[in-house]
Every structure is written in C-alpha cells, then in structure tokens.
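Chemist: Take a look at the following structure, please.
The values are calculated or read from the model by the stated rules, or taken from the named source; none is laboratory data. Since the structure is predicted, the reported quantities are computational estimates derived from the model, not experimental observations. Ideal geometry is used to build each Cβ from the backbone, glycine not excepted, and the neighbour counts take in all protein chains shown.
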Amino acid sequence: MNVQDFQKQLIHYAHSIGIDKIGFTSAASFPDLKQRLKLQQQLGYASGFEEPDIEKRTEPIRLLENAESIISIAIAYPSKMKDAPQSKRGARRGIFARASWGMDYHTVLREKLAKLEAFILLHAPDAKLKSMVDTGELSDRAVAERAGIGWSAKNCSIITPEFGSYVYLGEMLTNIPFEPSVPMEDQCGDCRLCLDICPTGALIEGGQLNAKRCIAFITQTKTMVPEEFRAKIGNRVYGCDTCQTVCPKNKGKHFAHHAEFTPDPELVKPLLLPLLEHNNRTFKETYGHMSGAWRGKNPIQRNAIIALVHFKERGAIPKLISILESDPRPVMRGTAAWALGELSSPEGQAALRIRKETETEEIVLQEVEAALLKE
C-alpha cells in the first residue's frame, strides 16, 4: 500500500462522511503537555474528570503497541439557535452550553471514527487502530494542535480558522506511518478578552485553566456549589460559553450543516420550574440523548435553583419550600435553603425556622442557619 496515496483517499473519505477537518501527527510523546499536566496537578487545577495517569495521556505508545501516527478529526457545531424562547417572569429559563446542543457529540464522533476505522481496515486489513473521544486517555486538544486542526488558544480551546472554536474533537491511534500535517501558528496575538471576562477568573493566564473555578466544571459537580460561585453561574444549568462567545475569532461563526446537532430550543433553554419536577426516568427520557445529561439530573436541578435566584423569581418560593421540606437529597435541600434566604419572604423564613429544628444533615443546617440570618 502506498501510504501517501492512501492518506489522500482517507482525507477524501473523511470529508464524504461529514468530518469537517482531518489532520495527522506522529505518535511521539507530548513532553510539553506532560510538564503542564504535572503543574496542573501540583497546583490543584485539574478537574478530576480527566484520565489520572499522566504517562498514558502523554505517551501514545502506551495505548497502542507500535503506534506510528495519530489521526485527529474535528466536527463543527452551531453557535446560534432558531426561535429561542424568551425567559420571562413566571416562566424563567436556564441554558445548556452549545457543546450540549442536539445529540451527544460522543456518539456522533464515535460513529464517524468507526466508519474511518472500517475504511482503513478495508484497505489495510492488518492495521492496528484505537479511537477515542473526550473520555479517552489522550488530550484531544494537544493532538489536534499538533495535527494542524487549529491552534491552542488562550481560552484553552482549539480555534480553527474555518469554524472558530465551535468544534468537537476526536482522534485515532494507528500503526500506519502517515505524513504529519503542519501545525498552525498561534493567532491569539495580544488579545486577552477571554481572560479578562471569565466570570470566575478560572483562566489564570493564556492556556492555563484552574478547572476547579471554571463554571463549566462547577455546573457538573454533585456537591454544594461554593457560595462565591453561586451568583456567577447565572442561569447556566450546564456548561459555560463565555470564553467562546467573547472571542473575536468566533465572530460570525455559525455552522448548522450537521442536523444531529440542531438544538431543540425547549430542551437547551428549559423552563426552570418544570426542570425541578423530573425524576430519574423522565429526565433520562427527555435529556438522555444530550451530552449535558451525563451526570444525571441532580447537578442540573441544583443549578436550576441557583438560576431561579439569579432571576429573583419569587414564584419559585412554594417549590423551594417543598424541596426544603421533603427532598431526600441534602444538596437540593441545602441549595433550596440558600435560595429561600436570598428571596427572603415570610413563608420562606417560616419554613427555614421549622427546618432548623428537624434537619440532621450538617451541610443543610449550615445553609438554613445562614439563610435565617438574612431575615
């Protein structure tokens, strides 16, 4: 097999199945990334969602014996939605980040990579392949940067000239020695809008993120949201797009050619009070196809309470009292207690006083007592 000719065929095939960009790099280790990841761990900036073994994340040969190359792919997703419903008094709405619009991108990209694998094996039956998307050991962004998909921006995203940073990434390790693509020059220049506008200061400096302060991370945790972040979450129920929406390289970038990522406005801008009514089954039936549902309903519902406070939605007080009184989840009771303190009403304060006498969970009691001080 002539590898050069086959590489051209592979690129053509990739585009024919809806892969927007494809690039190639060697399976050599990532020494710079290794140092950055070690520093992240030392500083306590890692989210904990990543593969914990830094060697696996930075040495592809550990993942596929005799690996020679890595194929990187990118698929664009939309930045705008048609007929977005308005949030109004009595019908307040949250927002899912753009990366959770439409079908779960893990599913879509894995299907594309599976087709690529089948194409490769058709022409090279002895090829060794290993694909991954997001949850794999390798850093999607480090691979994409080296494979010429885009440059690694100050906001820790990969920015492509064609689609901005609105792209999903995936990769495939192989023992076929493809010709490496040429990496791109950094085009952020002196711009630091993303660093200056990040609501929580999570972007420490260009290319360095304290994930523990990132709203995208915080909205996915299952514990109480630290008080310093509650007002900053706004109406986000999953993820955060601020460092993307302010980026000049994303101006005017909107691609809706992948129908599977077309957002359902009622799902990605959900009514907050009905969101609180879901049980596990109905939540999965409604949102299970979205990537934002991967942590289940609990973080989303906790964030919905915070969003109701953001809107000062006093119509939510009866529901919040009900959660405080009878929800079996301490995090939900605690968040409801905080919310009732923020919305301050006679009925809310009465419910808090009653709860103070019966609550046994310390995290809830702390929130109840703090809320009563706001009387």
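Chemist: Please go through the range 200-212 and give me each residue that is small (Gly, Ala, Ser) and either surrounded by fewer than 20 Cβ atoms within 10 Å (Cβ to Cβ) or in a helix (DSSP H, G or I) (or both), ordered by number. Talk me through it step by step, then tell me what you get.
Modeler: We begin by selecting, within the range 200-212, every residue small (Gly, Ala, Ser); these are 201-202, 206-207, 211.
Of everything in the range 200-212, those that are small (Gly, Ala, Ser) and either surrounded by fewer than 20 Cβ atoms within 10 Å (Cβ to Cβ) or in a helix (DSSP H, G or I) (or both) turn out to be GLY201, GLY206, GLY207, ALA211.
Chemist: Next question. Can you pull out every residue in the range 213-252 that is more than 27 Å from PRO274 (Cα to Cα), surrounded by fewer than 18 Cβ atoms within 10 Å (Cβ to Cβ) and of a type in the set (A, V, I, L, M, F, W, C)? Can you show your working first?
Modeler: First, pick out the residues of the range 213-252 that are more than 27 Å from PRO274 (Cα to Cα): 213, 243-252.
Subset that is surrounded by fewer than 18 Cβ atoms within 10 Å (Cβ to Cβ): 245-246, 248, 251-252.
Once the filter is applied, which keeps residues that are more than 27 Å from PRO274 (Cα to Cα), surrounded by fewer than 18 Cβ atoms within 10 Å (Cβ to Cβ) and of a type in the set (A, V, I, L, M, F, W, C), the range 213-252 yields only VAL246.
Chemist: Go through the range 1-27 and give me each residue that's in contact (Cβ under 8 Å) with a residue 24 or more places away in the chain and in a loop (DSSP other than H, G, I, E, B).
Modeler: At the first step, the residues of the range 1-27 found to be in contact (Cβ under 8 Å) with a residue 24 or more places away in the chain are 1, 3-4, 6-7, 9-10, 13-14, 17-27.
Within the range 1-27, MET1, ILE17, GLY18, ILE19, ASP20, ALA27 meet the criteria.
Chemist: Anything in the range 262-289 that is hydrophobic (A, V, I, L, M, F, W, C) and either part of a loop (DSSP other than H, G, I, E, B) or under 12 Å from TRP101 (Cα atoms) (or both)? List them, or say none.
Modeler: First, pick out the residues of the range 262-289 that are hydrophobic (A, V, I, L, M, F, W, C): 267-268, 271-273, 275-276, 283.
Within the range 262-289, LEU267, VAL268, LEU276 qualify.
Chemist: Can you tell me which residue is nearest to the chain's Cα centre (by Cα) among those in the range 46-76 that are within 30 Å of PRO177 (Cα to Cα) and among the hydroxyl-bearing types (Ser, Thr, Tyr)?
Modeler: So the first thing to find is which residues in the range 46-76 are within 30 Å of PRO177 (Cα to Cα), and the list is 50-76.
Next, only the ones that are among the hydroxyl-bearing types (Ser, Thr, Tyr) stay: 58, 69, 72.
Values: THR58: 22, SER69: 27, SER72: 19 Å.
My answer is SER72.
Chemist: In addition: Here are some residues: ILE149, ILE120, ILE73. Which one is aliphatic (A, V, I, L, M) and part of a loop (DSSP other than H, G, I, E, B)? Working first, answer last.
Modeler: Working: ILE120 fails: part of a loop (DSSP other than H, G, I, E, B); ILE73 fails: part of a loop (DSSP other than H, G, I, E, B).
Criteria check complete, one pass: ILE149.
Chemist: Just need a number here: residues in the range 83-109 that are over 16 Å from the mean Cα position of the chain (by Cα), surrounded by fewer than 16 Cβ atoms within 10 Å (Cβ to Cβ) and either among the basic types (Lys, Arg) or closer than 23 Å to ARG295 by Cβ (or both).
Modeler: Residues in the range 83-109 being over 16 Å from the mean Cα position of the chain (by Cα), surrounded by fewer than 16 Cβ atoms within 10 Å (Cβ to Cβ) and either among the basic types (Lys, Arg) or closer than 23 Å to ARG295 by Cβ (or both): 2 in total.
Chemist: I'm checking my understanding of the structure. Among residues of the range 295-313 that are out of contact with any helix residue (DSSP H, G or I) (no Cβ under 6 Å at 6 or more places or on another chain) and without any contact (Cβ under 8 Å) to a residue 60 or more places away in the chain, which one is nearest to PRO346 (Cα to Cα)?
Modeler: Of everything passing the filter in the range 295-313, LYS312 is nearest to PRO346 (Cα to Cα).
Chemist: For LEU340, state whether it is surrounded by 21 or more Cβ atoms within 10 Å (Cβ to Cβ) and within 23 Å of PHE283 (Cα to Cα). Quick ask: steps written out before the conclusion?
Modeler: Values: surrounded by 21 or more Cβ atoms within 10 Å (Cβ to Cβ): yes; within 23 Å of PHE283 (Cα to Cα): no.
Spelling it out, it is not the case that LEU340 is surrounded by 21 or more Cβ atoms within 10 Å (Cβ to Cβ) and within 23 Å of PHE283 (Cα to Cα).
Chemist: Would you check if there is a residue in the range 184-193 being over 17 Å from GLN244 (Cα atoms) and touching a strand residue (DSSP E or B) at 6+ places or on another chain (Cβ under 8 Å)?
Modeler: Going through the range 184-193, the residues over 17 Å from GLN244 (Cα atoms) turn out to be 184-185.
So of that shortlist, the ones also touching a strand residue (DSSP E or B) at 6+ places or on another chain (Cβ under 8 Å) come out as 184-185.
Yes: the range 184-193 contains one or more residues that are over 17 Å from GLN244 (Cα atoms) and touching a strand residue (DSSP E or B) at 6+ places or on another chain (Cβ under 8 Å).
Chemist: Within the range 316-328, can one find any residue that is out of contact with any Pro (no Cβ under 8 Å at 6 or more places or on another chain), of a type in the set (Gly, Ala, Ser) and under 20 Å from LEU365 (Cα atoms)?
Modeler: Here is the first cut: in the range 316-328, the ones out of contact with any Pro (no Cβ under 8 Å at 6 or more places or on another chain) are 316-328.
Those left that are additionally of a type in the set (Gly, Ala, Ser): 316, 322, 326.
Okay, now just the ones that are also under 20 Å from LEU365 (Cα atoms), so 322, 326.
Among the residues of the range 316-328, at least one is out of contact with any Pro (no Cβ under 8 Å at 6 or more places or on another chain), of a type in the set (Gly, Ala, Ser) and under 20 Å from LEU365 (Cα atoms), which makes the answer yes.
Chemist: Could you list, in sequence order, the residues of the range 213-232 that are under 19 Å from ARG36 (Cβ atoms) and either assigned to a loop (DSSP other than H, G, I, E, B) or modelled with pLDDT under 95 (or both)?
Modeler: Scanning the range 213-232 gives a single hit, CYS214.
Chemist: Taking LYS222 and the conditions (1) basic (Lys, Arg); (2) within 17 Å of the chain's Cα centre (by Cα); (3) over 17 Å from ASN303 (Cβ atoms), which numbered condition does it fall short on, given that it satisfies the others?
Modeler: Among (1) basic (Lys, Arg); (2) within 17 Å of the chain's Cα centre (by Cα); (3) over 17 Å from ASN303 (Cβ atoms), the lone unmet condition for LYS222 is (3).
Chemist: State whether one or more residues within the range 28-35 are on the phi < 0 side of the Ramachandran plot, modelled with pLDDT under 95 and of a type in the set (A, V, I, L, M, F, W, C).
Modeler: yes
Chemist: Separate question: Identify the residue in the range 128-146 that is part of a loop (DSSP other than H, G, I, E, B) and either at pLDDT below 95 or in contact with a helix residue (DSSP H, G or I) (Cβ under 9 Å, 6 or more places away or on another chain) (or both) and, among all such residues, is surrounded by the most Cβ atoms within 10 Å (Cβ to Cβ).
Modeler: Initially, the range 128-146 is screened for residues part of a loop (DSSP other than H, G, I, E, B), giving 128, 133-139.
If we keep only those that are either at pLDDT below 95 or in contact with a helix residue (DSSP H, G or I) (Cβ under 9 Å, 6 or more places away or on another chain) (or both) too, we end up with 133-139.
On the way: VAL133: 20, ASP134: 15, THR135: 11, GLY136: 19, GLU137: 20, LEU138: 24, SER139: 20.
For the range 128-146, the residue satisfying everything is LEU138.
Chemist: Here's something else I'd like to know. Filter the range 28-51 down to the residues that are in a helix (DSSP H, G or I), buried (at least 18 other Cβ atoms within 10 Å of the Cβ) and in contact with a Ser or Thr (Cβ under 6 Å, 6 or more places away or on another chain) and list them by number.
Modeler: LEU33
Chemist: Further, regarding this structure: Counting only residues that are in contact with a Ser or Thr (Cβ under 6 Å, 6 or more places away or on another chain) and in a strand (DSSP E or B), how many does the range 237-253 have?
Modeler: 1
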